[in-house]
Amino acid sequence: MRRGYAGLLATLLLCACPAKKPEAARAEAVVRYPPAEGVPGCRLYGEPRSVGAVPLVLAEMSGLAASVQHPGVFWSHNDSGNALQVFAIEASGKVLATVTLTGGPAGGTDVEDIAVGPCTPGEARACLFLADTGDNFERQPRAHLLRLPEPERLADDTLPVDTLTFAWPDRPHDCESLVVEPGSGRLAVITKERDSLGEVFALPGLAPDRVAQAVHLGSLRAPGNADFLTTAAALHPSGQRMLLRTYTRVWELRRPGATRLEELLLGQLAEVPGPSQAQSEAITYLPDEGSPDDSHAYLIGSEFAGQRLYQVDCR
């Protein structure tokens with residue numbers, strides 16, 4: 001009987017050991033990020049590389065946007081519970097300027113993302129837009145964008161903002177992502193959903209003296225519905241790609257020839273490289289030095305001072 005038990009134990013131990021994968025199967029498992037075909041920008045991204053660290057003043061970094069006027073500069077901000085400010089930083093995390101904002105909506109703000117685009121559709125002047133759209137308990141039927149012209153000089157300053165109010169067409173949403181459509185300058189937000197990558201709403205007719213109505217454009221779902229809770233987004237300068245950041249992954253939506261968000265939303269959603277971070281809520285494309293309307297890289301940031309800032313370039 002002992003010999004029989006010994007044989008049975010040996011058999012069970014052998015079965016419990018993982019089988020060695022064939023070389024072909026192992027190679028397929030490594031190919032996680034499909035190449036982008038037929039769209040401007042990078043065809044195949046490389047691995048994230050650390051380029052700096054989140055500075056102390058941005059301990060709750062919740063957005064990143066590349067400057068239009070200042071090459072190599074990014075605008076960022078904290079979320080709720082902090083002073084209403086924007087910071088000009090380098091990719092290394094070095095702070096170049098702190099701009100304190102006045103004139104925001106009464107009752108406090110929960111700024112969750114930032115974007116740079118025309119102050120009004122078709123206007124040449126660039127503005128910073130901050131998405132005061134955080135609503136963890138989904139109770140507010142209205143949300144706000146804060147707008148100010150992009151500062152012409154990088155220096156500490158205090159500047160007023162315009163408050164642009166919009167109403168949700170269906171129900172209150174928590175929202176942490178803001179994008180500007182290239183060419184048209186149309187603004188759009190992507191909600192933070194627990195069962196998808198979000199609902200996309202365009203924001204036409206924004207003005208300080210009215211309440212605009214958000215227009216639903218479509219929904220975003222990861223392949224196999226494998227991921228949720230989008231915390232940041234960025235539109236490629238071509239309008240044919242869009243990055244989506246969640247707490248665990250980075251996705252890129254792609255559609256060759258797309259000229260409007262409605263067209264882009266019908267494209268292919270692919271996972272792209274993203275580092276493991278404690279609370280990642282910021283992402284932006286980097287303007288290409290040779291062609292400002294293109295981009296072959298992106299920058300990712302997260303909350304907590306000292307966390308690494310990562311750049312993802314082409315292979």
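The values are calculated or read from the model by the stated rules, or taken from the named source; none is laboratory data. All values derive from a computational prediction rather than experimental measurement. Note that each Cβ is placed from the backbone with ideal geometry, even for glycine, and that neighbours are counted across all protein chains shown.
The condition (being of a type in the set (A, V, I, L, M, F, W, C) and closer than 26 Å to G267 by Cβ) is satisfied by just one residue among A202, A143, A155: A202. Applying a threshold of 8 Å to beta carbon distances and a minimum spacing of six or more residues, or different chains, the list of pairs starting in segment 304-315 at a residue that is closer than 21 Å to G41 by Cβ and ending at one that is of a type in the set (D, E) and exposed (fewer than 14 other Cβ atoms within 10 Å of the Cβ) reads V312/E47. For A188, are the conditions met, namely being in a strand (DSSP E or B) and within 17 Å of L265 (Cβ to Cβ)? Answer is yes for this residue. If you check D313, D293, D288 for being surrounded by fewer than 19 Cβ atoms within 10 Å (Cβ to Cβ) and either of a type in the set (A, V, I, L, M) or at pLDDT 95 or above (or both), only one passes: D313. Considering (1) surrounded by fewer than 14 Cβ atoms within 10 Å (Cβ to Cβ); (2) under 21 Å from I283 (Cβ atoms); (3) of a type in the set (S, T, Y); (4) modelled with pLDDT under 95, the lone condition that S92 does not fulfil carries the number (4). From the list S291, S295, the lone residue that is farther than 18 Å from A115 by Cβ and either of a type in the set (V, I, T) or part of a loop (DSSP other than H, G, I, E, B) (or both) is S291. What residue, of E199, E193, is within 22 Å of S302 (Cα to Cα), touching an Asp or Glu at 6+ places or on another chain (Cβ under 7 Å) and among the acidic types (D, E)? Result of the check over E199, E193: E193.
Across segment 23-50, the number of residues qualifying as touching a Phe, Trp or Tyr at 6+ places or on another chain (Cβ under 7 Å) and either at pLDDT below 95 or not in a loop (DSSP other than H, G, I, E, B) (or both) comes to 4. Quick check on segment 109-128. Is at least one of its residues among the small types (G, A, S), surrounded by 18 or more Cβ atoms within 10 Å (Cβ to Cβ), part of a strand (DSSP E or B) and in contact (Cβ under 8 Å) with a residue 60 or more places away in the chain? Among the residues of segment 109-128, at least one is among the small types (G, A, S), surrounded by 18 or more Cβ atoms within 10 Å (Cβ to Cβ), part of a strand (DSSP E or B) and in contact (Cβ under 8 Å) with a residue 60 or more places away in the chain, which makes the answer yes. Within segment 301-315, the residues that satisfy the criterion of being part of a loop (DSSP other than H, G, I, E, B) and either over 18 Å from A36 (Cβ atoms) or in contact with a helix residue (DSSP H, G or I) (Cβ under 8 Å, 6 or more places away or on another chain) (or both) are E303, F304, A305, G306, Q307.
Table: residues versus (1) touching a residue at least 40 places away in the same chain (Cβ under 8 Å); (2) under 21 Å from V39 (Cβ atoms); (3) part of a strand (DSSP E or B); (4) in contact with a His (Cβ under 8 Å, 6 or more places away or on another chain).
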| site | (1), (2), (3), (4) |
| --- | --- |
| G224 | no, no, no, no |
| M242 | yes, yes, yes, yes |
| L253 | no, yes, yes, no |
| T259 | yes, yes, no, no |
| A270 | yes, yes, yes, no |
| P287 | yes, yes, no, no |
| L299 | yes, yes, yes, no |
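Residue under question is L146, and the condition is that it be surrounded by 18 or more Cβ atoms within 10 Å (Cβ to Cβ), under 29 Å from A97 (Cβ atoms) and modelled with pLDDT of 95 or more; does it hold? Walk me through it before giving the result.
On the way: surrounded by 18 or more Cβ atoms within 10 Å (Cβ to Cβ): yes; under 29 Å from A97 (Cβ atoms): yes; modelled with pLDDT of 95 or more: yes.
When the stated conditions are applied, L146 passes them.
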